[in-house]
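Q: One structure, pasted below without further comment.
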Amino acid sequence: MPLPVALGIWAWFSWPGMPGILPCLGAGVLLVLPPAAHRFGHYRLFLAALALAAAAAGFLAAELRARSLAAPVLTGRYYGPVEGRVIHIDRSAADRMRITLDQLRPTGRANWPEKLRLTLLPQYDSQPPEPGMRVMTMAWLSPPEGPAEPGGFNFARHAWFEGLGAVGSARSPVLMVAPSAEAGSAAVARLRMRLSAAIQARIPGEPGAFAAAMLTGDRSGMGAGAVADLRDSNLYHLVSISGVHMSLLAGFVYQALRFLIALSPALAMRFAAHKLAAAAALPVSVFYLVLSGGDVATLRAFIMVTVMLGAILADRRALSLHSVGLAALLILMLQPEGLTEPGFQMSFAATTALIAGLEALRRRGLPPRLAPLLLVVAGSGLAGLASAPYAAAHFHRATPLGLLPNLLVSPLMGFLVMPGGALMAVLAPFGLEAPARMMLEAGTWATLQIAAFAAGFDGMVQPVARPQRFGLPLLSLGGMMLVLSAGRVKWLGFAFLLLGLSAFALPDRPALLVSADGRLLGLMTPEGRALSHARGAGFAARSWLAADADRAAPARAAARAGFTGPPDDRRFHLGELRGRYLRRLPEGELCEGVDLVILTLPAPENPGACRIFDALYLAKAGALALSPDGAGGAQVRRARDAPPKSWTPAPLRFP
């Protein structure tokens with residue numbers, strides 16, 4: 001049933017603009033099909049009606065979710081005072097401290113957001129404010145930006161479902177207006193930060209910051225070097241509280257309680273030890289979910305662990321494809337936007353492949369002495385292989401040797417890190433946490449050493465160009481057919497897998513890219529993508545080069561041949577078209593000697609006979625991708641939806 005629900009959610013996100021009342025009414029009508037089909041008593045008709053109803057439910061769930069999260073989004077740019085309550089602290093990919101504020105003080109500006117995120121300047125982030133504290137600062141703000149290129153990661157959509165109405169940077173120190181309150185979500189965030197600080201006080205350096213990130217979800221203490229090593233060694237998933245952490249913690253509590261109950265013959269004979277242990281592990285998992293902040297990845301892990309523990313209480317198999325399907329169904333209905341996120345896709349691809357592969361190995365009969373080793377190696381291999389295409393498509397990088405560091409780290413996580421963290425939490429109030437602290441410190445130190453050693457290998461990270469859009473859907477469909485079907489249909493699943501993999505051999509890279517603000521152009525050349533300027537639109541430049549599987553820095557890409565002329569008036573060729581990129585209005589004719597003009601200002605009246613993309617056009621269209629059409633013209637793709645979605649940034653106004 002998760003598959004038709006996912007198809008309904010995909011249909012909603014693919015719908016041009018926001019669906020109106022008629023599509024939603026049509027989906028509502030489909031919900032009554034199963035009872036009507038059941039009256040006819042035809043089993044196949046009932047299954048078809050049930051699938052249609054599930055797809056309609058996914059469509060409506062996405063509609064309700066998007067409408068329920070509707071909140072003001074800043075229009076245009078703003079510089080001035082910002083005052084609000086700190087609800088979250090983290091670090092950006094550029095290793096900069098960030099704070100998220102809500103309960104913002106009104107400024108009188110229209111569409112003033114309810115929640116925003118600020119990046120602190122390096123000189124002001126040594127002592128970040130405490131969650132719950134009311135603060136003020138001077139800041140630059142702008143609405144969340146759309147994709148850096150058509151079809152790319154849409155931060156505006158992500159921010160909409162996060163409730164962020166603006167992002168920006170603080171330009172002055174963050175000053176306290178009022179101390180932290182003691183109630184609500186801020187109290188939980190403050191507890192998380194205090195536990196993180198306590199862990200880092202007992203375990204100094206990067207091992208302590210790494211332990212705090214894994215146990216509390218606070219990543220603000222981790223340095224850029226350690227983060228880079230974990231990414232390059234395919235171990236960064238350990239930083240995010242996900243299925244590994246939640247299952248290891250719940251599994252440790254479950255096994256420890258079963259062992260303690262077994263020490264008492266009276267309890268062991270009177271009660272079902274495995275059910276008591278499962279019932280006790282549930283509230284521990286709930287506390288861990290609340291402590292970590294309850295983001296999408298953690299919620300996904302919690303639902304899967306809860307399903308497994310519930311299966312134990314109901315005398316069912318804890319690990320089965322039914323439990324994975326139930327967890328996926330719950331997450332899709334609660335957070336439909338998760339379908340578009342790499343975390344959801346990678347997590348369920350890995351879990352499904354892991355369970356299906358292990359069930360196949362059990363059916364074949366494993367040698368008792370080799371079973372534990374084969375299960376660990378095969379499990380890690382299957383999970384890594386299944387999630388690798390999704391990671392390559394979203395993050396434009398592959399770690400073909402990443403299985404080896406994960407195999408080395410798995411026992412450290414299972415026998416030192418998570419048990420040490422759980423025991424430390426229990427024993428710390430009594431001052432007896434020293435042995436547990438040593439376990440935790442040894443495990444995190446060894447993990448970081450393995451990450452640093454593995455990251456130093458040549459070829460550990462391989463760049464991957466952005467594949468064609470049909471790749472991941474066909475891979476997902478082929479994988480599900482391979483796991484859930486038998487006979488000839490299974491061979492059809494192999495065919496879909498091969499077709500999906502072929503999308504990586506035919507990268508979707510346009511000849512010319514234009515940033516949403518028009519400050520940067522990227523032209524594909526035999527040497528790689530040449531940038532029009534070395535500075536400006538830095539995020540777009542890095543995104544383009546990563547999607548090209550190009551390791552060059554923006555400054556190096558800007559030195560490539562492709563553009564000629566002064567910085568304010570650059571010339572280039574797009575196939576047979578002669579192009580011109582202007583940052584100011586020229587003294588002569590705008591279209592003189594060219595077929596295509598990209599202008600960062602509004603075009604004047606009667607500009608000429610060439611094709612013009614000016615600031616007004618870019619404000620409505622967003623980032624552009626242009627490719628020769630083979631007939632002497634250019635094919636143009638726009639990043640912004642037309643008609644727009646709720647999260648599509650409003651066009652900037654020009655005087």
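What follows draws every value from the coordinates through simple rules; no lab data is involved. This is a predicted model, so every value here is computed, not measured. Reconstructed Cβ throughout: ideal geometry from the backbone, glycine too, with neighbour counts over all protein chains shown.
Q: Which of the peptides 60-70, 103-113, 149-159 is most tightly packed, and how do the rest follow, judged by the mean count of other Cβ atoms within 10 Å per residue?
A: Going by the mean number of other Cβ atoms within 10 Å, highest first, we get 149-159, 60-70, 103-113.
Q: Measure out, as a whole number of angstrom, how far apart the alpha-carbon centroids of the range 189-216 and the range 381-460 sit.
A: First find each Cα centre; the distance between them is then 16 Å.
Q: Size of the range 1-143 along its principal axes in angstrom, Cα-based, largest extent first?
A: 71, 31, 25
Q: To continue, here is another question. Once you have a ≥ b ≥ c as the square roots of the Cα gyration tensor eigenvalues for the range 2-68, tell me rounded if a/c is under 1.5, and otherwise prolate or oblate according to whether a/b is larger than b/c.
A: The shape class here is prolate.
Q: What do you get for Rg/Rh of the chain when both radii come from the Cα atoms and Rh is the Kirkwood radius?
A: Details: Rg = 27.0 Å, Rh = 27.5 Å.
Rg/Rh: 0.98.
Q: For the chain, what proportion of DSSP beta bridges, expressed in % and rounded to the nearest 5, is antiparallel?
A: Details: 50 of 61 bridges.
Roughly 80 percent of the DSSP beta bridges within the chain come out antiparallel.
Q: If r is the Cβ-Cβ distance from GLN462 to ALA198 and R0 is 56 Å, what FRET efficiency results, to the nearest 0.05?
A: For GLN462 and ALA198, the calculated efficiency is 0.90.
Q: Evaluate E = 1/(1 + (r/R0)^6) for ARG96 and VAL29, where r is the Cβ-Cβ distance and R0 equals 45 Å; express this FRET efficiency to the nearest 0.05.
A: 0.35
Q: Just to check I understand the Karplus step: with θ = phi - 60° and J = 6.51 cos²θ - 1.76 cosθ + 1.60, what whole-Hz values come out for the range 556-562, glycine and proline as x?
A: Values, residue by residue: 5, 5, 5, 7, 6, 6, x Hz.
Q: Separate question: Could you give the Stokes-Einstein D for the range 514-655 in µm² per second, using the C-alpha Kirkwood radius, 10 °C, 1.306 mPa s?
A: Estimated diffusion coefficient is 101 µm²/s.
Q: Over the range 78-181, calculate the relative contact order: mean separation of alpha carbon pairs under 8 Å at least 6 apart, over the residue count, as a percent.
A: Taking the mean separation of contacting Cα pairs over the length of the range 78-181, I get 32 percent.
Q: Taking Cα pairs under 8 Å and at least six residues apart, what relative contact order does the range 196-241 come out at, in percent?
A: Taking the mean separation of contacting Cα pairs over the length of the range 196-241, I get 33 percent.
Q: Separation between the ALA70 and GLU359 pseudo-spin-labels, each 7 Å from Cα along Cα→Cβ, expressed in nm?
A: 4.3 nm
Q: Suppose each label sits 7 Å from its Cα in the direction of the beta carbon; what would the ARG77-ALA442 distance come out to in nanometres?
A: So the label points at ARG77 and ALA442 sit 5.5 nm apart.
Q: Residue-wise, which Karplus ³J(HN,Hα) couplings in Hz belong to the range 135-146, taking 6.51 cos²θ - 1.76 cosθ + 1.60, θ = phi - 60°, and x for glycine or proline?
A: With the stated coefficients, the range 135-146 comes to 10, 9, 6, 9, 8, 8, 10, 8, x, x, 7, x Hz.
Q: Hey, what do the phi angles of the range 268-285 turn into as Karplus ³J(HN,Hα) couplings, whole Hz, using 6.51/-1.76/1.60 and θ = phi - 60°, x for Gly and Pro?
A: 5, 7, 8, 10, 7, 4, 5, 6, 4, 5, 5, 5, 6, 6, 4, x, 4, 5
Q: Additional query: Using only the alpha carbons of the range 252-316, determine the length spanned along each of the three principal axes and report them from longest to shortest in whole angstroms.
A: Answer, in whole Å and largest first: 42, 23, 13 Å.
Q: In the chain, which cysteines lack any other cysteine Cβ under 4.7 Å from their own?
A: CYS24
Q: Moving on. Check HIS88: other-chain or 5+ apart residues with amide H under 5 Å from its amide H, H built from backbone geometry?
A: Here THR100 satisfy the definition.
Q: Same structure, new question: Just subtract the alpha-carbon distance of ALA224 and LEU263 from 0.36 nm times their residue separation and send over the number in nm, one decimal. All intermediate terms of the calculation are to be shown ahead of the outcome.
A: Working: separation 39, 0.36 × 39 = 14.04 nm, distance 4.64 nm.
Separation in residues times 0.36 nm, less the Cα-Cα distance, equals 9.4 nm.
Q: Sequence gap at least 6, Cα distance under 8 Å: using those rules, report the relative contact order of the chain to the nearest whole percent. Don't skip to the answer; put the middle values down first.
A: Details: 1177 pairs, mean separation 77.9, N = 655.
After rounding, I find 12 percent.
Q: State the extension gain, in nm to one decimal, for the chain segment bounded by LEU321 and TRP491, taking 0.36 nm per residue of separation less the distance between their alpha-carbons.
A: Full-extension gain reported as 59.2 nm.
Q: Taking the convex hull of the Cα atoms, report for the range 78-181 its projected area averaged over all directions, in nm².
A: About 6.8 nm², averaged over all directions.
Q: Now for a different question. For labels at GLN123 and ALA187 in the simple 7 Å Cα→Cβ model, what's the distance in nm?
A: About 3.9 nm separates the two model spin labels.
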